[in-house]
Amino acid sequence: QSSNKAKMQSMYDAIKAAGIRHPDIVMAQCIQETGWLNCKRCCLRYNNLFGFYIKGNKCKKFASKEDCIAYYKRWQDQRYPKWRKKFPKANYYHFLKYVHYATGDKYTREIKPKVSWVRKNLKL
């Protein structure tokens with residue numbers, strides 16, 4: 001984890017620069033989906049930082065990591081305002097479940113420690 005800190009910071013900075021809401025939680029999603037940006041047999045080989053899938057249960061492919069971050073921003077922008085209007089006091093974990101990104105409470109339990117790591121170890 002810590003040996004990857006510079007890479008993690010760079011990724012977080014790109015997520016934040018894209019204007020993505022809740023960048024600390026989104027960075028934790030990236031960590032979860034890519035095994036701390038180290039996985040060999042996941043969607044990362046397709047520049048897919050967030051585990052997006054297409055029909056047929058296949059990893060969505062992106063030309064670059066930047067394209068994937070831009071896709072996440074569009075994905076979030078299409079769903080977030082409507083959800084926020086309906087649930088003005090709910091948190092982002094609720095959003096992830098509501099839009100069926102998180103498969104359940106297990107996902108939330110898995111990313112919360114990663115959110116804590118992001119908040120403790122990266123410059124936000």
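Read the figures in this text as sums done on the coordinates, not as results from a lab. These numbers were taken from a predicted model, which means no experiment stands behind them. A quick note on method: Cβ atoms are made from the backbone with ideal geometry, for glycine too, and the neighbour counts reach across all protein chains shown.
Pick from 47, 38, 91: which residue has the top mean-square fluctuation in a GNM of the chain where Cα pairs under 10 Å get a spring?
Fluctuation is largest for 91.
Could you give the DSSP H helices of the chain that reach 15 angstrom or more along their long axis (alpha carbon positions) and whose average Kyte-Doolittle hydropathy is no lower than 0.0? Working shown, then result.
Numbers: long enough: 5-17 (18 Å, -0.55); 23-34 (16 Å, 0.26); 65-86 (32 Å, -2.23); 105-121 (24 Å, -1.62).
Membrane-span-like by this criterion, though nothing is claimed about a membrane: 23-34.
Measuring from label point to label point, each 7 Å out along Cα→Cβ, what is the residue 116 to residue 46 span in nm?
About 3.3 nm, to one decimal.
Could you tell me which of rounded, prolate or oblate describes the chain, using a ≥ b ≥ c as the square roots of the eigenvalues of the alpha-carbon gyration tensor, with rounded for a/c under 1.5 and, failing that, prolate when a/b is larger than b/c and oblate otherwise?
rounded
Check the chain for me: any Cys whose beta-carbon has no other cysteine beta-carbon within less than 4.7 Å?
Singleton cysteines: 30, 68.
What FRET efficiency would be calculated for the residue pair residue 57, residue 123, taking the C-beta separation as r and a Förster radius of 30 Å, to the nearest 0.05? Mind showing how you got there, number by number?
Values: r = 37 Å, r/R0 = 1.22.
With R0 = 30 Å, the Cβ-Cβ based efficiency is 0.25.
Between 89, 61, 73, find the one with the highest GNM mean-square fluctuation for the chain; connect C-alpha pairs within less than 10 Å.
Of the options given, 89 has the highest mean-square fluctuation.
Given the Cα-Cα distance of residue 84 and residue 17 and 0.36 nm per residue of separation, how much length would full extension add, in nm? Provide the component values of the computation, followed by the final result.
Details: separation 67, 0.36 × 67 = 24.12 nm, distance 2.17 nm.
In short, 21.9 nm is gained.
Filter the cross-link list 60/123; 7/82; 5/61; 58/120 down to pairs whose alpha-carbon distance in this structure exceeds 28 Å. Display every interim value, and only then the final one.
Numbers: 60/123 30 Å; 7/82 33 Å; 5/61 25 Å; 58/120 34 Å.
In this structure, 60/123; 7/82; 58/120 lie more than 28 Å apart at Cα.
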